[in-house]
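Report on one structure; see the data block that follows.
The values are calculated or read from the model by the stated rules, or taken from the named source; none is laboratory data. The structure presented is a predicted model; accordingly, all values stated were derived computationally and were not measured. Heads up, the Cβs are rebuilt from the backbone with ideal geometry, glycines too, and the neighbour counts pull from every protein chain shown. The protein model used for the area step is the full one, side chains on, heavy atoms only, and it has no ligands, DNA or RNA in it. Shrake-Rupley method; radii C 1.70, N 1.55, O 1.52, S 1.80 Å.
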Amino acid sequence: MLLAFAALSAVLTAGAEEVPETTGIAVGADDSEVQPVSVENSRHITDPVFSGDIPETIEEPPPPPETDAERLRRLFTLYRNAIAESSFEEADTLGKQIVELAIETNGRNSEESARALTNLAIAQHGMGDYESAQLNFSASIDIIETVRNRLDPALINPLRGLGASQLAAGRPDLASESFERAVHVSHVNDGPHNLEQLELLESLAETYLAGGEADLTKDMQERIYILQARNIDPDSVEILPALYRQAQWQRRLELYDKERYTWRRVISLLEDHHGRDDLSLIAPLTELGQSYLYISPVDIGYQQPASTATGEIYLKRALRIAEDHPDTNWRVKSDAIIELADYYILTDRSNRAERMYRDAWELMSGDEERQRARYEALQTLQVLQAIRPPKFYGVDSTTVPARRPEGFETGTVVYQYAVSTRGTATDIELVEMQPAGLSDMETSVGRELRHLIQRPRLVDGDMVQTNNLTYTHSFYYRPSDLPDTTGEGESLAGNTQN
């Protein structure tokens with residue numbers, strides 16, 4: 001399963017809750033005007049009250065002190081900007097100030113305090129402090145249940161946040177409970193077919209997948225599709241978002257035959273509504289072509305044989321559309337060229353790949369904007385096929401926990417390697433193994449590294465080998481996994497004396 005859960009964190013970041021006006025406290029700056037001192041006539045200038053030099057300017061009175069409501073609103077604006085810029089440490093500091101002020105102004109058991117705690121937890125999740133985030137999401141939930149009820153819609157956002165933090169901390173079992181409760185609250189308030197629940201269902205599917213519940217994940221994926229497709233003409237373009245989402249899930253679930261069927265349906269709909277040469281066809285044609293790089297791990301004997309040549313056909317068609325359409329541009333063309341070149345690298349046809357990369361290089365050698373895009377795409381290494389070495393020594397698991405599991409220590413293995421013009425890892429050499437003696441992990445990581453494929457780096461339009469690269473892999477082991485060198489040493493010492 002090729003998964004990362006960054007999307008969950010993105011959902012949370014978008015969920016910061018506005019701090020409302022505080023009841024009974026004036027909000028906003030005092031807009032009453034300061035009345036200037038007036039001089040009625042010149043004879044007052046000689047009055048003893050005004051003796052001495054006349055000041056050139058009249059001092060304005062100091063502005064009125066900032067009210068609690070004004071400070072709360074100002075802090076929230078700063079917090080929201082910090083979240084938008086992913087400055088989570090700054091957002092955490094601001095969030096704590098907001099919580100303190102909200103409790104001081106409105107009391108702990110208030111809706112304002114619950115919202116403030118949710119916002120603080122969002123910042124802590126962004127920092128990777130999942131334990132603190134869970135505590136504050138839970139505190140927000142407790143307050144809402146106290147001041148409202150256990151089915152109030154205000155519970156949905158902190159429940160979703162709680163589930164995301166639990167999942168990130170390696171507890172999909174707890175996360176599924178939180179997401180399922182959020183879905184239930186959504187159904188009670190907005191009905192079982194509301195579209196607002198789609199993000200919750202996506203999170204629930206992620207949780208099932210992380211927990212190894214493949215069947216539950218497939219069921220949830222079908223549920224998401226049915227919900228999106230409900231009351232939509234299956235032959236209209238309005239069904240396309242549901243089909244795109246379905247195809248993406250099918251690839252993640254390694255249902256490649258079903259994925260190909262879905263992409264063909266997308267392509268057919270676009271052709272019916274926009275013609276056979278529309279730019280909107282490029283993305284699904286590319287996805288369909290890439291799907292032929294994979295073979296489903298089950299029921300292989302019942303599948304239509306997948307051919308890399310078939311995938312190439314779809315990618316070439318996408319490139320023709322990109323090159324010939326009157327509304328195309330250099331970026332659309334270069335992206336299509338690079339996609340086909342990457343396909344050749346992944347299918348071990350580096351000579352064809354080099355010709356395509358060179359075409360892209362020439363197309364992206366114009367103004368500064370094109371050169372910046374060329375540098376990112378062709379002058380730096382890009383991973384085309386990632387690897388997943390084991391995370392635990394002696395345990396059949398690739399799960400990446402949020403922190404070191406109890407009873408485990410952290411080890412590191414470092415390899416040096418090069419990327420050849422074919423995109424493969426070569427000249428692989430062990431640099432460091434800490435701790436020493438865990439040879440199985442050393443062998444596993446070295447073996448995995450041979451499967452790493454990267455887009456070769458280009459210099460002046462030619463593919464070159466990139467040397468002296470470092471691959472570092474951190475893993476977990478138990479102290480009992482280490483070899484007993486003490487016993488060996490005593491035995492050797494005894495043999496020497498004899």
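When restricted to residues that are outside any loop (DSSP other than H, G, I, E, B) and in contact (Cβ under 8 Å) with a residue 60 or more places away in the chain, the range 342-376 contains 10. Scanning the range 116-154 for residues that are over 15 Å from residue 167 (Cα atoms), small (Gly, Ala, Ser) and touching a Phe, Trp or Tyr at 6+ places or on another chain (Cβ under 8 Å) yields a count of 1. Output the residue which, of all residues in the range 68-83 that are farther than 15 Å from residue 100 by Cα and touching a residue at least 12 places away in the same chain (Cβ under 8 Å), is most open to solvent (accessible area, probe 1.4 Å). The qualifying residue most open to solvent (accessible area, probe 1.4 Å) is 80. Contact annotation: residue pairs with Cβ atoms under 6 Å, 6 or more positions apart or on different chains, pairing a residue in the range 428-445 that is on the phi < 0 side of the Ramachandran plot with a partner that is of a type in the set (A, V, I, L, M), are 428/449; 431/414; 432/414; 433/413; 442/413; 442/433; 445/413.
Tell me whether the range 108-131 contains one or more residues that are surrounded by fewer than 17 Cβ atoms within 10 Å (Cβ to Cβ) and without any contact (Cβ under 8 Å) to a residue 24 or more places away in the chain. No, the conditions are met nowhere in the range 108-131.
Of all the residues in the range 256-286, those that are open to solvent by 70 Å² or more (accessible area, probe 1.4 Å) and among the small types (Gly, Ala, Ser) number 0.
Within the range 427-449, the set of residues being of a type in the set (Val, Ile, Thr), surrounded by fewer than 15 Cβ atoms within 10 Å (Cβ to Cβ) and part of a strand (DSSP E or B) comprises 431 only. Answer with yes or no whether residue 452 is closer than 30 Å to residue 483 by Cβ and surrounded by 14 or more Cβ atoms within 10 Å (Cβ to Cβ). So residue 452 passes the test.
Working only within the range 188-245, note down all residues that are small (Gly, Ala, Ser), in a loop (DSSP other than H, G, I, E, B), within 21 Å of residue 160 (Cα to Cα) and out of contact with any Ser or Thr (no Cβ under 8 Å at 6 or more places or on another chain). Working first, answer last.
Applying the first criterion (small (Gly, Ala, Ser)) to the range 188-245 yields 191, 203, 205, 210-212, 214, 229, 236, 242.
Then drop every residue that is not in a loop (DSSP other than H, G, I, E, B), which leaves 191, 211-212, 236.
Retained after the next criterion (residues that are within 21 Å of residue 160 (Cα to Cα)): 191, 211-212.
Correct list: 191, 212.
Residues in the range 184-227 that are free of Cβ contacts under 8 Å to residues at least 40 places away in the same chain, open to solvent by less than 30 Å² (accessible area, probe 1.4 Å) and of a type in the set (S, T, N, Q): 186, 194, 197, 217, 221. Listed by position, the helices (runs of 4 or more DSSP H) enclosed by the range 65-162 that each have at least 3 residues that are within 20 Å of residue 182 (Cα to Cα) and over 22 Å from the mean Cα position of the chain (by Cα) are 111-127, 130-147. Taken as a whole, the condition of being at pLDDT below 95, part of a helix (DSSP H, G or I) and out of contact with any strand residue (DSSP E or B) (no Cβ under 6 Å at 6 or more places or on another chain) applies to residue 301.
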